[in-house]
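Participant: A single structure is presented below for examination.
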Amino acid sequence: MNDKTLIEITDLQKYYKGGEIKALDGITNKIEKGEVVVVIGPSGSGKSTLLRSLNLLEIPTGGSILFDGVDITDKKTNIDHHRQKMGMVFQHFNLFPNMTVLKNMTLAPMKLLKVSKEEAEKYALELLDTVNLADRANAYPNQLSGGQKQRIAIVRALCMHPEVMLFDEPTSALDPEMVGEVLDVMKRLAEKGMTMVVVTHEMGFAREVASRVIFMDEGKIIEEGSPSDIFDNPQSPRLQSFLAKVL
Amino acid sequence: MNNFLNSLYDQFRLNFIDDNRWEWIVKGLKSTLIITLCALIIGLIIGIIIASIRSTYDKNLETFKLRGGIGYHIMKFLNFICHIYLTVVRGTPVVVQLLIAYFIIFASSRNGIYVAIFAFGINSGAYVAEILRGGIMSIDNGQFEAGRSLGFNYLQTMRHIIIPQVFKNVLPALCNEFISLLKETSIAGYVGIVDLTKAGDLIRGRTFSPFMPLIAVALIYLIIVLILTQLVKLLERRLRNSER
């Protein structure tokens with residue numbers, strides 16, 4: 001493993017019901033620092049399961065995941081410590097409804113990184129400013145629109161200074177007119193060199209921002225390559241029929 | 001009219017003033033409140049422990065199964081014990097539980113109040129446990145995942161993210177449990193405790209005039225319950241406001 005590799009996945013499996021259902025069926029891949037990997041595929045293809053396995057929200061039934069050279073699937077690894085360096089953004093935002101935006105963002109840095117309140121709030125406000133939401137710092141989540149919530153969720157994860165950001169269909173629960181503002185934030189994040197793994201149905205985003213696109217179906221990686229390889233020159237019939245349906 | 005008022009006054013004198021019978025009511029009320037409060041505290045402690053075990057087991061079942069180890073078996077065993085406790089306590093009348101506690105478990109003790117506190121505490125614990133567990137399970141799993149993905153461990157996620165939300169949701173239900181508990185303690189007379197109900201009944205037995213003492217007792221319960229209900233309402237409004 002060279003020092004550019006951030007995550008190394010080896011023969012990852014996730015079986016349900018004793019192997020009857022194979023959500024992940026032997027996935028092997030490497031994610032390098034600074035890469036933006038977009039995972040596409042039909043629903044039920046295992047792409048969300050793969051993403052959620054990366055920080056062990058789903059516990060794989062086989063295979064291994066090396067993060068920063070540490071096997072996080074090892075029972076002895078302290079996964080909580082590694083999760084601090086892996087930001088995650090969910091389809092349904094999952095902001096804490098009983099806390100203000102600022103509290104949402106400062107809770108984890110203050111409790112886990114032992115950052116002082118002033119420092120945590122200063123950084124949170126800086127980040128809020130980058131997503132044009134500094135004026136909503138004291139709002140509660142239910143006072144925000146979906147797009148605003150998701151932008152908050154992104155900067156909440158960034159408050160922990162993650163090494164990689166995992167996006168689980170971040171725009172799927174949004175009204176169409178709000179998709180753009182969230183993708184914009186993600187695009188800027190990618191331009192700053194953040195390592196990102198994105199599960200999405202936004203093919204435009206994949207084509208424009210991804211450094212590599214992975215196509216999954218039935219728990220396997222069917223095809224991977226640069227956006228132009230995948231979108232302009234698909235090899236496998238399954239990818240071809242998938243693209244014919246979504247493009 | 002005058003006659004009626006006079007007879008009412010006579011009854012009042014007979015039941016409460018003569019022989020200082022009002023003192024019985026005061027003493028009875030004191031016992032009732034002591035039993036209720038202490039049982040509530042015991043119930044809360046038991047409830048929190050049981051709810052923690054049960055919801056931890058439910059929430060982490062998959063993890064436990066995959067990672068195996070001794071932890072899974074310990075949790076499975078604890079969960080089983082809790083399950084039996086809940087089934088038995090909620091499946092039998094509280095009077096019977098009180099009698100069993102007094103005549104079987106603590107047969108050698110004749111200190112009724114302690115036995116009653118124990119019995120009502122154990123009983124209340126089961127209901128509190130289910131209220132809390134319901135509250136925990138009603139929180140969207142996404143909240144857990146958000147907490148865990150930020151790097152909080154299970155206990156930290158519970159403490160900083162889940163419990164504050166659960167607390168708001170279950171507070172009204174807990175207050176209602178408190179109110180039912182207060183009323184349920186009226187059966188304490190079964191094991192020779194002079195609580196509020198028993199005090200009224202004793203006066204009735206002495207004066208052979210049931211109206212005054214029993215209505216007085218009913219009014220006292222009602223007033224306490226009304227005060228508590230009002231407090232719950234205030235609390236609920238407050239909680240709702242803070243969420244905006």
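Participant: Tell me which DSSP H helices of chain B clear both cut-offs, 27 Å or more of axial length from alpha-carbon atoms and a mean Kyte-Doolittle hydropathy of at least -1.0.
Facilitator: Helices meeting the span and hydropathy rule in chain B are B:22-59, B:69-91, B:112-138, B:163-184, B:211-243.
Participant: So, one more: How much length would be gained if the chain were fully extended between A:Lys117 and A:Tyr15, taking 0.36 nm per residue of separation minus their Cα-Cα distance, in nm to one decimal?
Facilitator: Length gained, A:Lys117 through A:Tyr15: 32.4 nm.
Participant: Work through the residues other than B:Leu86 whose Cβ is under 9 Å from its Cβ and net out their charges, Lys, Arg +1 and Asp, Glu -1.
Facilitator: Once all neighbours under 9 Å are counted, the net charge is +1.
Participant: Mean separation of Cα pairs under 8 Å and 6+ residues apart, divided by the residue count of segment B:23-239: what relative contact order is that in percent?
Facilitator: 31
Participant: Something else now. Measuring from centroid to centroid over Cα atoms, what is the spacing of segment A:74-137 and segment A:17-33 in Å?
Facilitator: With segment A:74-137 and segment A:17-33 each reduced to a Cα centre, they are spaced 29 Å.
Participant: How large is Rg/Rh for the protein assembly as shown, to two decimals, with Cα atoms and a Kirkwood Rh?
Facilitator: Checking Rg against Rh, the ratio lands at 1.15.
Participant: Which order do A:Tyr15, B:Tyr102, A:Tyr140 fall in if you start with the one that has the fewest other Cβ atoms within 10 Å?
Facilitator: A:Tyr15, A:Tyr140, B:Tyr102
Participant: Then there is this: Points 7 angstrom from Cα along the Cβ direction at A:Asp135 and B:Asn141: gap in nanometres?
Facilitator: The modelled label-to-label distance comes out at 3.9 nm.
Participant: Give the order of A:Leu133, B:Leu98 when sorted by the count of other beta carbons within 10 angstrom, beginning with the fewest.
Facilitator: A:Leu133, B:Leu98
Participant: Tell me, what does the Kirkwood hydrodynamic radius of chain B come to in angstroms if you use every pair of distinct C-alpha atoms?
Facilitator: In chain B this quantity evaluates to 20.8 Å.
Participant: So what's the back-of-envelope 222 nm ellipticity for chain A, counting only DSSP H runs of four-plus at -39500 (n - 2.57) apiece and dividing by all residues, rounded to 500?
Facilitator: Calculated mean residue ellipticity at 222 nm is -11000 deg cm²/dmol.
Participant: Which residue, B:Ser124, B:Ser31, B:Ser149, tops the fluctuation ranking in a GNM of chain B built on C-alpha contacts under 10 Å?
Facilitator: Among B:Ser124, B:Ser31, B:Ser149, the largest GNM mean-square fluctuation belongs to B:Ser149.
Participant: Oh, and also: Provide the net charge surrounding A:Asp11, with neighbours chosen by a C-beta distance below 14 Å and charges set as Lys +1, Arg +1, Asp -1, Glu -1.
Facilitator: Residues near A:Asp11 contribute +1 overall.
Participant: Most mobile of A:Gly19, A:Gly41, A:Gly219 per a Gaussian network model of chain A (Cα springs, under 10 Å)?
Facilitator: Of A:Gly19, A:Gly41, A:Gly219, the Gaussian network model singles out A:Gly19 as fluctuating most.
Participant: With θ set to phi - 60°, apply the Karplus curve 6.51 cos²θ - 1.76 cosθ + 1.60 along segment B:153-162 and write out the HN-Hα couplings as whole Hz, x wherever there is a Gly or Pro.
Facilitator: Calculated HN-Hα couplings, in order: 7, 4, 5, 5, 4, 4, 5, 8, 10, 7 Hz.
Participant: Identify which of A:Ile59, A:Ile214, A:Ile31 has the largest mean-square fluctuation in a Gaussian network model of chain A, with springs joining Cα atoms closer than 10 Å.
Facilitator: A:Ile59
Participant: I need the phi-derived Karplus couplings for segment A:9-18: 6.51 cos²θ - 1.76 cosθ + 1.60, θ = phi - 60°, integer Hz, Gly and Pro marked x.
Facilitator: Working through the residues one at a time gives 9, 10, 6, 6, 10, 9, 10, 10, 6, x Hz.
Participant: Scan around A:Val36 for amide H atoms under 5 Å from its own, H built in the peptide plane at 1.01 Å from N, and keep only partners 5 or more places away or cross-chain.
Facilitator: A:Met196, A:Ser211, A:Arg212
Participant: Per residue of segment A:219-235, in order, report the coupling 6.51 cos²θ - 1.76 cosθ + 1.60 (Karplus, θ = phi - 60°) as ³J(HN,Hα) in whole Hz, putting x for Gly and Pro.
Facilitator: x, 10, 7, 8, 7, 9, x, 5, x, 5, 4, 6, 7, 9, 9, x, 8
Participant: Find the relative contact order for chain A and round it to a whole percent, using C-alpha pairs within less than 8 Å whose residues are 6+ positions apart.
Facilitator: Reported relative contact order: 26 percent.
Participant: So, one more: List the trypsin sites (Lys or Arg not before Pro) within segment A:162-234 that fall in a DSSP loop (any state other than H, G, I, E or B) and whose Cβ has at most 15 other Cβ atoms within 10 Å.
Facilitator: A:Lys192
Participant: What's the exposure ranking of B:Ile161, B:Ile139, B:Ile104, going from fewest to most Cβ atoms within 10 Å?
Facilitator: The fewest-first ordering by Cβ neighbours comes to B:Ile104, B:Ile139, B:Ile161.
Only the coordinates and a few stated rules stand behind these numbers; no lab work does. Remember, it's a predicted structure, so these values are computed and weren't measured experimentally. No Cβ is skipped: glycine too gets one built from the backbone with ideal geometry, and neighbour counts run over all protein chains shown.
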